[in-house]
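Colleague: I am attaching a structure below and will ask some questions about it afterwards.
The values are calculated or read from the model by the stated rules, or taken from the named source; none is laboratory data. Fair warning: this is a prediction, and the values are worked out from it, not measured in the lab. Don't worry about glycine lacking a Cβ; one is built from the backbone with ideal geometry, like all the others, and counts go over all protein chains shown. Surface accessibility is based on the protein's heavy atoms, side chains included, excluding ligands, DNA and RNA. Shrake-Rupley method; radii C 1.70, N 1.55, O 1.52, S 1.80 Å.
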Amino acid sequence: MDEMTRRLKMKSEVWETLKKTVKALKEPKNILLLGSFGTGKSSFINTVITTLTGKNDYYVDIGCGSKHNTTRFQRISREEYWNPDEEVDKFLNLPTFIDIIGMDPLLSTSEDEETVNSQIMNLAINGKLPEDADLLDLGKKLKDKKQLKERPEEKTLSVDIIIVVISAENPDIPQALIDEIYKEANVKKKQIPVFAVITKVDKCALSEQELEDKKTGICEAIGIASDKVLMCSNYQPNQPLDTNKDISVLEFLTKLCNPRFKAVTLQKMECEEP
């Protein structure tokens, strides 16, 4: 068996494992991507869907440079990207990806207060943002201390998994932003499994050892095990498929879709004054 045949066989096996995993779910998971702007969140969504479908396309619009491209609340559900040839695979519980505006680390703080970032994250996590909500406009209003009208939680929009996306090109780990993500994912109303993706590993000047050191630093900053981190280079438009990349992405997606990783609503205990 030559190397290419071996890799294709491995990809097929990983794909079958993913199918078994999502078949064990009662419904598709909602996966929220969080990170600073320009880290490659939207590109990673495109990469995952390209891996699943075998078709490299703009499932989510991407930008370049230092300006926001994703400025609205956007859900990319299975129905929007999944149209398999095999009828038996049509209703696989493949995830819904939630893409929101990139966070500005300068708006995060180590103080115990509600920032613009934490408020937007909280709304997204708890299913309180409508489809196509203008998050750039919302951020400006929240920055001006305007009070948002309370919206009921939509259970179908509530987040099951959080992925923190960090660019390998960025020399710094946005600790204040990560701390805010930790609070939203672990301390407030819910406990939500957190994973991480290190993007742009093909564009950075780091050696393999430096990349491993960066991965270790990110794990420590977020408080997660190393097997919850994927290091990847995103697919670019019209780029041919890469079997090794597909295998890594499918293995990571299988972990995300594991039924044992689920959001839990914390039950706060009432206490009386002595």
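Colleague: Which one is most open to solvent (accessible area, probe 1.4 Å), of the residues in the range 162-204 that are part of a loop (DSSP other than H, G, I, E, B) and either under 25 Å from Val264 (Cβ atoms) or of a type in the set (Gly, Ala, Ser) (or both)?
Modeller: The extreme case among them is Lys189.
Colleague: Take the range 210-247 and flag every residue that is surrounded by fewer than 16 Cβ atoms within 10 Å (Cβ to Cβ), assigned to a helix (DSSP H, G or I) and either among the charged types (D, E, K, R) or out of contact with any helix residue (DSSP H, G or I) (no Cβ under 8 Å at 6 or more places or on another chain) (or both).
Modeller: Glu210, Leu211, Glu212, Asp213, Gly217, Glu220, Asp227
Colleague: Okay, moving on. Working carefully through the options Lys9, Lys19, Lys55, find the one that is farther than 30 Å from Ile173 by Cα, more than 19 Å from the chain's Cα centre (by Cα), without any contact (Cβ under 8 Å) to a residue 24 or more places away in the chain and in a helix (DSSP H, G or I). Spell out the reasoning first.
Modeller: Details: Lys19 fails: without any contact (Cβ under 8 Å) to a residue 24 or more places away in the chain; Lys55 fails: in a helix (DSSP H, G or I).
Unique residue meeting the criteria: Lys9.
Colleague: If a residue has to be polar (S, T, N, Q) and modelled with pLDDT of 90 or more to count, how many in the range 158-174 make the cut?
Modeller: 2
Colleague: Same structure, new question: Output the residues belonging to the range 112-156 that are under 23 Å from Asn93 (Cβ atoms) and either touching a Lys or Arg at 6+ places or on another chain (Cβ under 6 Å) or surrounded by fewer than 20 Cβ atoms within 10 Å (Cβ to Cβ) (or both).
Modeller: So the first thing to find is which residues in the range 112-156 are under 23 Å from Asn93 (Cβ atoms), and the list is 124-127, 129, 131, 153-156.
Gly127, Glu131, Glu153, Glu154, Lys155, Thr156 - these are the residues of the range 112-156 that are under 23 Å from Asn93 (Cβ atoms) and either touching a Lys or Arg at 6+ places or on another chain (Cβ under 6 Å) or surrounded by fewer than 20 Cβ atoms within 10 Å (Cβ to Cβ) (or both).
Colleague: Among what's in the range 30-48 and is under 9 Å from the mean Cα position of the chain (by Cα) and β-branched (Val, Ile, Thr), pick the residue that is surrounded by the most Cβ atoms within 10 Å (Cβ to Cβ).
Modeller: Filtering the range 30-48 for residues that are under 9 Å from the mean Cα position of the chain (by Cα) and β-branched (Val, Ile, Thr), the one surrounded by the most Cβ atoms within 10 Å (Cβ to Cβ) comes out as Ile45.
Colleague: Another question, then. Residue pairs, Cβ under 7 Å, 6 or more apart or interchain, first in the range 174-185 and without any contact (Cβ under 8 Å) to a residue 60 or more places away in the chain, second of a type outside the set (A, V, I, L, M). List them.
Modeller: Listed pairs, sorted by first residue: Tyr182/Gly223.
Colleague: Quick one: which of Asn238, Asn258 is among the polar types (S, T, N, Q), farther than 22 Å from Arg6 by Cα and either modelled with pLDDT of 95 or more or under 16 Å from the mean Cα position of the chain (by Cα) (or both)?
Modeller: Asn258
Colleague: Just checking, does the range 77-92 include any residue being in a helix (DSSP H, G or I) and open to solvent by less than 20 Å² (accessible area, probe 1.4 Å)?
Modeller: Yes: one or more hits.
Colleague: Are any of the residues in the range 6-27 touching a strand residue (DSSP E or B) at 6+ places or on another chain (Cβ under 6 Å) and within 24 Å of Leu241 (Cβ to Cβ)?
Modeller: First pass over the range 6-27, keeping only residues touching a strand residue (DSSP E or B) at 6+ places or on another chain (Cβ under 6 Å): none.
Checked against the condition, which is being touching a strand residue (DSSP E or B) at 6+ places or on another chain (Cβ under 6 Å) and within 24 Å of Leu241 (Cβ to Cβ), the range 6-27 yields no hits at all.
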